[in-house]
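The values are calculated or read from the model by the stated rules, or taken from the named source; none is laboratory data. These numbers come from a predicted model, not from an experiment. In this analysis, Cβ positions are derived from the backbone assuming ideal geometry, glycine residues included, and neighbour counts consider all displayed protein chains. Keep in mind that these areas ignore ligands, DNA and RNA; they rest on the heavy atoms of the full protein, side chains included. Shrake-Rupley method; radii C 1.70, N 1.55, O 1.52, S 1.80 Å.
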Amino acid sequence: MYLVHAHLALPSGEQLPPNIAAVVRSAISVGDRVEHVAVHIRAGSGLTLGFYVLAGGLEEAEERAVRVCDRLLREVRQLATARLTGAGVPLMPLAFAPQPVD
């Protein structure tokens, strides 16, 4: 399972409904192979969708998240004016990288 962040932008001044997380979650289908979606509204006019995707590899997970976003933008009326600005697996900070042993 991979966590893929998809970033959506809305036209300036447009507001998302307060129930957007429930709306997005209800639009996910079994065929999407998404185990969970975290919805984070960003300051300004955008949101980040955190897809926990079942996939055989990183590239497949990112492609699956983009396909799901494309479908959501077409089918979820509350997202009709949004556009996908990027999607990818978030990188871990260097603080969590293995340190050399002396």
TODO: With only alpha-carbon atoms counted, please give the Rg and Dmax of region 1-61, in Å.
DONE: 12.6, 39
Task: Anisotropy class of region 32-77 from Cα gyration tensor, a/c 1.5 cut - done: prolate
TODO: Report the full-extension gain for the segment residue 52 to residue 19: residue separation times 0.36 nm, less the Cα-Cα distance, to one decimal in nm.
DONE: 9.9 nm
Task: Accessible solvent surface per residue of the chain, calculated while the other protein chains remain in place, 1.4 angstrom probe, Å² - done: 62 Å²
TODO: Sort 76, 89, 30 from largest to smallest accessible area, using a 1.4 Å probe on the heavy atoms of the protein chains.
DONE: 30, 89, 76
Task: Nearest-20 debye value, region 1-74 charge dipole, Cβ charges on Lys, Arg, Asp, Glu - done: 220 debye
TODO: Lys and Arg at +1, Asp and Glu at -1: add these up for the other residues within a Cβ distance under 10 Å of residue 34 and post the number.
DONE: +1
Task: Within region 3-94, GluC sites (Glu not before Pro) in DSSP loop having at most 13 other beta-carbon neighbours inside 10 Å - done: 14
TODO: Might you work out the accessible area of residue 41 for me, using a 1.4 Å probe with all protein chains in place, and round it to the nearest 10 Å²?
DONE: 110 Å²
Open item on the list: I'd like the carbon and sulfur percentage of the solvent accessible area for region 1-87, probe radius 1.4 Å, heavy atoms only, ligands and nucleic acids excluded.
Closed with: 51 percent
Task: Rounded accessible area of residue 12 (nearest 10 Å², 1.4 Å probe) - done: 120 Å²
